[in-house]
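Student: Below is the structure I would like to discuss, written out as structure tokens.
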Amino acid sequence: MITKLNHVSIFVLNQDSAFEFYVNKLGFTVHTDAPMGPGMRWLTVCPPEQPDLEITLMAIEDGMLFKAGAAEQMRNLVKKGTFGFGVFECNNLNATYEELKEKGVVFKKPPTKEFYGYEALFVDDSGNWFSLGEKK
Amino acid sequence: MTNHYPKIYFYKRIVQAKIFMDTHFGEAIDLHNIADEAYFSKFHFIRLFKTVYGNTPHQYLTKVRIEAAKMLLQKQTSMTETCFAVGFDSISSFSGLFKKYTKTTPSTYQQQFKKRQAQIKLNPLQFIPGCFAQQKGWMKKAIFKMFPEETMPTFTT
């Protein structure tokens, strides 16, 4: 049986900028930052209270992963805000919202009471969006 | 919206106090001053801060200092320099609190980080799931032959 998730990928336009966003704005911890040759880097971060879940900040670049123009298509889709990669959790949504806004994080939706719960939506530096909710 | 305003204002004040600690942890921070800045009495501030963040301001400040110390130790800053740079006023209290929060001493933490960085440099594929390395073309040793040696990861298998 499957017991846990240990890696999940977020496709980003620029790894340096993603580092600044996820580490310096969201406050995530760097798990592994390994140079893999010129222009290539393996970069994973973790939410502060989830050190065993590595979020891979995956650069969208031409190569084996994206072939024949697929990288450009993917970059455009990410920029357009096509992808919602997950739901993050915090202890207090109002306080976290105010803090992240103060740090320059862009929100598509402020904390809002929906029929399914209390949530906000924010966007990363590439265009990926996430739901942010409170711990139940 | 009118009813929402006081709530937002309340959170803004608490968050400002947190951000103040996040950015001034290296200084001798007086919790009385932070409470004043946030326009709360000291005891009211401590209670509200704990409600929002789950820690008292003092506990939170200690955690921020320990995290900042980890960053400096990772850069191979000396323990003494790190201790004072992050706002502790004695090596013994720094060392004790560091161990309490991280379950290791500052010097052991520093050595372990250095060792891990050396391992990443020597064999990065040890830290990358094989499926991703394969997709990226990093499993093929030959790909690195075209790059200058100092930028190349090495492989043990």
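The values are calculated or read from the model by the stated rules, or taken from the named source; none is laboratory data. Keep in mind the model is a prediction, meaning the values are calculated, not measured. We place every Cβ from the backbone using ideal geometry, glycine too, and count neighbours over all the protein chains shown. To get the accessible areas, we keep the full protein, side chains included, count just its heavy atoms, and leave off ligands, DNA and RNA. Shrake-Rupley method; radii C 1.70, N 1.55, O 1.52, S 1.80 Å.
Student: Going by average Cβ density within 10 Å per residue, which order do the peptides B:87-98, A:68-79 take, highest to lowest?
Tutor: B:87-98, A:68-79
Student: Now a separate question. Within a Cβ distance under 13 Å of A:Leu13, other residues only, what is the Lys/Arg minus Asp/Glu net charge?
Tutor: Details: positive: A:Arg75, A:Lys79, A:Lys80; negative: A:Asp16, A:Glu20, A:Glu61, A:Glu72, A:Asp124, A:Asp125.
Net of charged neighbours comes to -3.
Student: In degrees, nearest 10, range 0 to 90: what is the angle between the Cα axis of helix A:93-102 and the longest Cα principal axis of chain A?
Tutor: 50 degrees
Student: Using a 1.4 Å probe over the heavy atoms of the protein chains, calculate the carbon and sulfur portion of the accessible area of the protein assembly as shown as a whole percent.
Tutor: Ligands and nucleic acids excluded, carbon and sulfur reach 56 percent.
Student: Only Cα pairs within less than 10 Å get springs; with that Gaussian network setup on chain A, which residue of A:Phe85, A:Phe115, A:Phe28 has the largest fluctuation?
Tutor: Taking springs between Cα atoms under 10 Å, the residue moving most is A:Phe115.
Student: Residues of segment B:51-76 with the amide nitrogen closer than 19 Å to a label point 7 Å from the Cα of B:Ser93, along Cα-to-Cβ, please.
Tutor: B:56-70
Student: Which value at 222 nm does the protein assembly as shown reach when only helices count, each DSSP H run of 4 or more adding -39,500 (n - 2.57), with the total divided by all residues and rounded to the nearest 500 deg cm²/dmol?
Tutor: Computed ellipticity for the protein assembly as shown at 222 nm equals -13000 deg cm²/dmol.
Student: For a paramagnetic label modelled at 7 Å from the Cα of A:Glu72 toward its Cβ, which residues of segment A:9-42 fall within the zone defined by backbone nitrogen distances under 20 Å?
Tutor: A:12-14
Student: What percent antiparallel are the DSSP beta bridges of the protein assembly as shown, to the nearest 5?
Tutor: That works out to approximately 60 percent antiparallel.
Student: Roughly speaking, what is the stretch gain from A:Thr3 to A:Phe88, that is 0.36 nm per residue apart minus the C-alpha to C-alpha distance, in nm to one decimal?
Tutor: 28.6 nm
Student: By the gyration tensor of its Cα atoms, with a ≥ b ≥ c the square roots of the eigenvalues, what is the shape of the protein assembly as shown: rounded for a/c under 1.5, prolate for a/b over b/c, or oblate?
Tutor: oblate
Student: For the pairs A:Lys135/B:Lys103; A:Lys103/B:Lys75; A:Lys101/B:Lys18; B:Lys63/B:Lys103, flag any whose C-alpha to C-alpha distance is greater than 20 Å. Please list the in-between numbers first.
Tutor: Working: A:Lys135/B:Lys103 26 Å; A:Lys103/B:Lys75 25 Å; A:Lys101/B:Lys18 14 Å; B:Lys63/B:Lys103 13 Å.
Result: A:Lys135/B:Lys103; A:Lys103/B:Lys75 exceed 20 Å.
Student: Another one. In Å², what does the accessible area per residue of the protein assembly as shown work out to with a 1.4 Å probe?
Tutor: On the way: 16600 Å² over 293 residues.
For the protein assembly as shown, the solvent-accessible area averages 57 Å² per residue.
Student: Could you tell me the total accessible area buried at the A-B interface, probe 1.4 Å, in square angstrom to the nearest hundred? Could the numbers behind the result be given before it?
Tutor: Numbers: alone 8320 and 10790 Å², together 16600 Å².
The contact between B and A buries close to 2500 Å².
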